[in-house]
Amino acid sequence: MGKYVISKNSQGYTFNLKADNGEVIGTSGEVITTLGNVNKSIDSVRKNAPIAAVEDQTVDGYKQEKNPKFEIYLDKAGEYRFRLKAANGEKILASEGYTTKANCKNGINSVVKNAPSTTVEGPDAD
């Protein structure tokens, strides 16, 4: 099972979800101001990832899914990325860029598998 790793900087906190092999498979992306809100965001990933639908925005006429959902999209560099949105539509996790859609989908599968982890490391982790 993977783990969540919290980092602190001068603006606040971020977290990464890492797979068993230590590879980062998702990040909070945005700075979160309090540790309590970091823990709430992690709980939201745990809750929403296993039940999220996948919306492939790279396909013409794609079916719009209800939240919670993973959105697959192409970034400005032409790489595939995903973001996880909670039931309220808030972005709670984002991926790195992938060169293929298949690898992006593998990243989503890895998030679904590792999201339930209760292991949290980092500054002041509960």
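The values are calculated or read from the model by the stated rules, or taken from the named source; none is laboratory data. Source: prediction; values computed, not measured. These area figures cover heavy atoms from the full protein model, side chains too; ligands, DNA and RNA do not enter into them. Shrake-Rupley method; radii C 1.70, N 1.55, O 1.52, S 1.80 Å.
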Space enclosed by the convex hull of the alpha-carbon atoms of the chain, per residue, Å³
105
For the chain, what does the accessible surface come to per residue with a 1.4 Å probe? Please give it in Å².
54
Roughly to the nearest percent, how much of the accessible area of the range 12-113 is carbon and sulfur, given a 1.4 Å probe?
46
Straight distance only, please: which aspartates and glutamates reach the Cα of LYS66 with their own Cα at less than 20 Å, same-chain residues fewer than 8 apart left out?
ASP43, GLU55, ASP56, GLU90
Rounded to the nearest 5, what % of DSSP beta bridges with both residues in the chain are antiparallel?
80
Tell me the angle of helix 35-48 to the major Cα principal axis of the chain, expressed in degrees between 0 and 90 and rounded to the nearest ten.
40
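Given an 8 Å cut-off on Cα distances and at least 6 residues of separation, report the relative contact order of the chain as a percent.
Details: 261 pairs, mean separation 36.3, N = 126.
Once divided by the residue count of the chain, the mean separation gives 29 percent.
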